[in-house]
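Below: one structure, written as structure tokens.
The values are calculated or read from the model by the stated rules, or taken from the named source; none is laboratory data. Source: prediction; values computed, not measured. Cβ placement follows ideal geometry from the backbone for every residue including glycine, while neighbour counts extend to all protein chains displayed. Calculation scope for accessible area: heavy atoms of the full protein, side chains included, ligands and nucleic acids excluded. Shrake-Rupley method; radii C 1.70, N 1.55, O 1.52, S 1.80 Å.
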Amino acid sequence: VPIVFRPYLVPFVPLLLLMTPLAARSSGPAALLRCQRPFPSFAALATAGTGDVLAGAIAGLVAQYHAQAKDSPNFDSARSAYNAGVVGAYLHGLAGEIAAHMAGDAGLVAGDVTRELPRAIRRVKNQS
């Protein structure tokens, strides 16, 4: 990386997200997340593009966390990424569950999951 860009670089912490109940180990500084709730719609989420929906949900949450805490002296970007992974995985699974309930597992596409993300967010907010 050219020296002129180095002040703008942010240190990255790899984030590995396993959406299965299997145990796994991580070496190095990577954060390892394990989805604790088995969603019945996992088969429905095994379709093209749903991983992109998950990545977008996580990236959006990271951006929101950064925007809310950018001036906080205690802001921890690694913790922010970890939290976004946990929340994003949960919301993604819940959105898949809602979409599968509405349309059925067969024929579910990534757009169906994307459309249900706002409903999943509202459901979680109403429970808290």
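What do you reckon, is Arg123 charged (D, E, K, R) and within 16 Å of the chain's Cα centre (by Cα)?
Details: charged (D, E, K, R): yes; within 16 Å of the chain's Cα centre (by Cα): no.
In short, no.
For segment 82-98, what are the residues that are of a type in the set (A, V, I, L, M) and either under 9 Å from the mean Cα position of the chain (by Cα) or buried (at least 22 other Cβ atoms within 10 Å of the Cβ) (or both)?
Selection gives Ala84, Val86, Val87, Ala89, Leu91, Ala95.
Are any residues in segment 34-52 at pLDDT below 65 and buried (at least 18 other Cβ atoms within 10 Å of the Cβ), and if so, which ones?
Hits for segment 34-52 are Cys35, Phe39, Ser41.
Among the residues of segment 68-91, count how many are over 30 Å from Leu108 (Cβ atoms) and at pLDDT 85 or above. Lay out the reasoning, then the answer.
From segment 68-91, those over 30 Å from Leu108 (Cβ atoms) are 68-80; that's our starting set.
In the following step, the residues that additionally are at pLDDT 85 or above were identified as none.
Residues meeting the conditions: 0.
Test of understanding: among Val113, Val109, which residue is open to solvent by 60 Å² or more (accessible area, probe 1.4 Å) and within 17 Å of Ala46 (Cα to Cα)?
On the way: Val113 fails: open to solvent by 60 Å² or more (accessible area, probe 1.4 Å).
Among Val113, Val109, only Val109 is open to solvent by 60 Å² or more (accessible area, probe 1.4 Å) and within 17 Å of Ala46 (Cα to Cα).
Could you please find all residues in segment 72-81 being open to solvent by less than 60 Å² (accessible area, probe 1.4 Å) and either in contact with a strand residue (DSSP E or B) (Cβ under 9 Å, 6 or more places away or on another chain) or not in a helix (DSSP H, G or I) (or both)?
Ser72, Ala78, Ala81
Just one of Ala55, Ala69 is surrounded by 13 or more Cβ atoms within 10 Å (Cβ to Cβ) and out of contact with any helix residue (DSSP H, G or I) (no Cβ under 8 Å at 6 or more places or on another chain); which is it?
Numbers: Ala69 fails: out of contact with any helix residue (DSSP H, G or I) (no Cβ under 8 Å at 6 or more places or on another chain).
From the options Ala55, Ala69, the qualifying one is Ala55.
Of the numbered conditions (1) at pLDDT below 80; (2) under 22 Å from Gln127 (Cβ atoms); (3) surrounded by 13 or more Cβ atoms within 10 Å (Cβ to Cβ), His101 satisfies every one except a single condition; which is it?
Condition (1) is where His101 drops out.
Being in contact with a His (Cβ under 8 Å, 6 or more places away or on another chain), assigned to a helix (DSSP H, G or I) and of a type in the set (A, V, I, L, M, F, W, C), is that true of even one residue in segment 94-115?
The answer is yes; a qualifying residue exists.
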